[in-house]
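Right, one structure below, let's go through it.
The values are calculated or read from the model by the stated rules, or taken from the named source; none is laboratory data. Since the model is a prediction, treat every value here as computed from it, not as a measurement. With ideal geometry, Cβ positions are generated from the backbone for all residues, glycine too; neighbour counts draw on all protein chains shown. Heads up: the accessible areas ignore ligands, DNA and RNA and are worked out on the full protein's heavy atoms, side chains in. Shrake-Rupley method; radii C 1.70, N 1.55, O 1.52, S 1.80 Å.
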Amino acid sequence: MNAYDYSQTPYLAWLNGAMLLTTPVVSPAMQTPASVAAQNQSIFSAFTKPKFYGPTKTTSLMFGLANAIGGYMIYDGDLESGTGFLAAWNTLYLLVGGRGSVKALRYGKVWPLLLSTVSGSSALLYGRRFISAGFEA
């Protein structure tokens, strides 16, 4: 069984969803030290957005649930909708959290990069299945 065959199963989506849903416990998002220092010294600290590295709780829960739902769609037999749904949501996760996951390495956090790697693999596999499978109408 090669990697492409896993796009017919919900297991990769459920693995990615479980990793994202457990992220607030395993590796909580932290503010960068420069962001905390700037907030304490600035008069306009109420108007500045703190910079985080790693996915926030909201991001983790939203994308984790999306992966769980997409995996259930495939489990329920709707391979076409499930693969398209998962490809779209995992690509969105890469757009939202991909850059921050690379920056998290600067602070010794590997978990966000692992999440982005699994989401990227999932987006590629499910996206390839969705685009090239030639589903019947």
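The single condition from (1) in a helix (DSSP H, G or I); (2) of a type outside the set (A, V, I, L, M); (3) modelled with pLDDT under 90 that Pro50 fails is (1). Has segment 63-73 got at least one residue that is open to solvent by less than 60 Å² (accessible area, probe 1.4 Å), farther than 13 Å from Pro10 by Cα and of a type outside the set (Phe, Trp, Tyr)? Yes: one or more hits.
If the condition is being in a loop (DSSP other than H, G, I, E, B) and open to solvent by less than 70 Å² (accessible area, probe 1.4 Å), then segment 79-128 contributes Gly108, Lys109. Condition test on Ala68, is it of a type outside the set (Val, Ile, Thr), in contact with a helix residue (DSSP H, G or I) (Cβ under 7 Å, 6 or more places away or on another chain) and part of a helix (DSSP H, G or I)? Taking the combined requirement at face value, the residue satisfies it. Put simply, of Gly100, Gly120 the only residue that is closer than 16 Å to Leu15 by Cβ and touching a residue at least 24 places away in the same chain (Cβ under 8 Å) is Gly120. Tallying residues that are open to solvent by less than 40 Å² (accessible area, probe 1.4 Å) and modelled with pLDDT of 85 or more within segment 11-47 yields 8. Residue count for segment 53-77 under the criterion of being farther than 17 Å from Ser122 by Cβ and not small (Gly, Ala, Ser): the result is 6.
Among the residues of segment 1-24, just one is under 17 Å from Leu79 (Cβ atoms) and of a type in the set (Val, Ile, Thr), namely Thr9.
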